[in-house]
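To start, the structure itself, in structure tokens.
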Amino acid sequence: MESSQPIGRRLTVNTVIRRHQIEATRTRSLWEDETELHSAALVERFSDAVRSAVPDARITWALSWGALTDDSPRYRDIRTTLARITRDHGDDVAFVPGGFFANLYGSRDEVSRDILDAADLISDHFGRDPRSLVAGFLAAANIAAARERGMRTVQGNIWSQFDIDLQDGDGSIAYPYYPSRSHFLVPGRGDERIDAVQLDGWTVDLVAARAAGMSPDHNSRLGLGPIETLHRLPRAEALRELEATSEAHFDARNVERNGLGWLTVNYEISEVARGLAVDPHMLDAWTGWIRGLRDRWPDMRIPTIGEFGEEWRSRHRDNEGLAYLLQQSGSGVQASRAGETVTWFMTADYRLGVLEDEEGVRVFDYTDYTGTETEPGGSGDRRWSLLGEINQKGTRPQDRPQPIATFLAAHPDLDAALDDAYGDAPEVRALRALA
């Protein structure tokens, strides 16, 4: 039976250890050779820094194929140090296939083979089978293959990513769900459901996420990522953004609405090295933010993503009861514009995004999950997004936001669906009043 007990506040911290910036396949690497940025000493320092902020924290360490197989003294020392750290603190070791973009470079069969062989290597090196996978974007067939090998939680989606890095994946819901066998962004129903908890990779600012790509004026991945905040913004602005996005998920109303407030962040070891090269206090600033979360919300825990997935699974045996409601107001940093408030309604049937600003209340995203969407069939295609009737990125003529009254009048079934999912929630009553 599903548990009615809420999960509470959770922060998941992931990191990546690799050889090349993009290890596209076992034998093909792109961009920078990052070997010199990785060391056992920096792995130890990162571990100690996180635990200095929250002593009982547990980290998910994701290793690339190169980091798992390189037999140089550097990587042997890293694996030896990591084995001790994981024993001492209860951390998890996972695999990161394809540099976050595995299906861009490899077939489904090739990617599954990498995942299964890497799981054997992790078992050999660390004495325990991996419980999770850190994958950026990952095709449904590969999520299913990981699940068959015992990985019951997969970070296989980067919520809202569009025109950044090497692959797009906008269109899913932002909190945990079980994916469909036909499309990893769709919550699965019945026999289509893959029994693996699907997680987002980076918590982003819901207001800024409506932008596509990045420029000097905006970054659509603005939120908790240290690369997007502490590495690029003045310190005061970076901390304001970290705190505003944290507040949106950890405030009492969000936890009450959803049964959990969940933040997730990935700070790759190579990026830790780059940050420290610019500012020797960068890691202290980042862990200071984490320490502030625990001080303000003492109930916050930092589990591995595998543990978090199991906790969520114990309360949700399928997607049928999902009714997430997320809300954030602009922080005033870059595209997180002050005076704008975004509200998301996210269920297994649809996601609905509503914007309130000086122009009124408008629908800026409506994505229906009840159709027959399928993923791209081959490799080499960066466009893996699921763009609904209206999409938040605004890249098509049809994506122009619509007044809430106009939109609900054109979608009479949605009004009843909101009732079924959210009942008499104040946020739904406010929508009706405005409509």
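Points worth noting:
- Verdict on Ser246 being of a type outside the set (Lys, Arg) and modelled with pLDDT under 95: no
- If the condition is being free of Cβ contacts under 8 Å to residues at least 40 places away in the same chain and in contact with a Gly (Cβ under 6 Å, 6 or more places away or on another chain), then the range 247-289 contributes no residue at all.
- Within the range 90-125, restricting attention to residues that are under 23 Å from the mean Cα position of the chain (by Cα) and open to solvent by 40 Å² or more (accessible area, probe 1.4 Å), the residue that is nearest to Leu42 (Cα to Cα) is Leu116.
- Applying the set (1) open to solvent by 10 Å² or more (accessible area, probe 1.4 Å); (2) within 23 Å of Gly378 (Cα to Cα) to Ser64 leaves exactly one unmet item: (1).
- Among the residues of the range 324-348, those identified as surrounded by fewer than 17 Cβ atoms within 10 Å (Cβ to Cβ) and in contact (Cβ under 8 Å) with a residue 60 or more places away in the chain are Gly332, Arg337, Thr341.
- If you go through the range 4-61 and keep only what is open to solvent by less than 10 Å² (accessible area, probe 1.4 Å) and among the aromatic types (Phe, Trp, Tyr), you end up with Phe46, Trp61.
- Complete set of residues in the range 396-419 that are closer than 16 Å to Trp344 by Cα and open to solvent by 60 Å² or more (accessible area, probe 1.4 Å): Pro403, Asp419
- Any hit, the range 1-18, residues being under 22 Å from Phe95 (Cβ atoms) and more than 22 Å from the chain's Cα centre (by Cα): no
- Residue in the range 179-196 that is farther than 17 Å from Asn157 by Cα, open to solvent by less than 10 Å² (accessible area, probe 1.4 Å), in a loop (DSSP other than H, G, I, E, B) and touching a Gly at 6+ places or on another chain (Cβ under 9 Å) present: no
- Those residues of the range 351-374 which are surrounded by fewer than 20 Cβ atoms within 10 Å (Cβ to Cβ) and not in a strand (DSSP E or B), in sequence order: Glu358, Glu359, Thr370, Gly371, Thr372, Glu373, Thr374
- So Leu224, is it open to solvent by less than 10 Å² (accessible area, probe 1.4 Å), in contact with a Pro (Cβ under 7 Å, 6 or more places away or on another chain) and under 30 Å from Asp284 (Cβ atoms): no
- Residue pairs meeting the criteria (Cβ under 6 Å; at least 6 apart or on separate chains; first more than 13 Å from Leu352 (Cβ to Cβ), in the range 424-435; second surrounded by 11 or more Cβ atoms within 10 Å (Cβ to Cβ)): Leu434/Val361; Leu434/Ile404
- Hits in the range 45-102 - residues which are farther than 22 Å from Leu283 by Cα, in contact with a helix residue (DSSP H, G or I) (Cβ under 8 Å, 6 or more places away or on another chain) and aromatic (Phe, Trp, Tyr): Trp65, Tyr75, Phe95
- Qualifying positions in the range 239-267 - open to solvent by less than 50 Å² (accessible area, probe 1.4 Å), among the charged types (D, E, K, R) and either in a helix (DSSP H, G or I) or in contact with a strand residue (DSSP E or B) (Cβ under 6 Å, 6 or more places away or on another chain) (or both): Glu241, Arg257
The values are calculated or read from the model by the stated rules, or taken from the named source; none is laboratory data. Fair warning: this is a prediction, and the values are worked out from it, not measured in the lab. So basically every Cβ, Gly included, is an ideal-geometry build from the backbone, and we count neighbours across all protein chains shown. Calculation scope for accessible area: heavy atoms of the full protein, side chains included, ligands and nucleic acids excluded. Shrake-Rupley method; radii C 1.70, N 1.55, O 1.52, S 1.80 Å.
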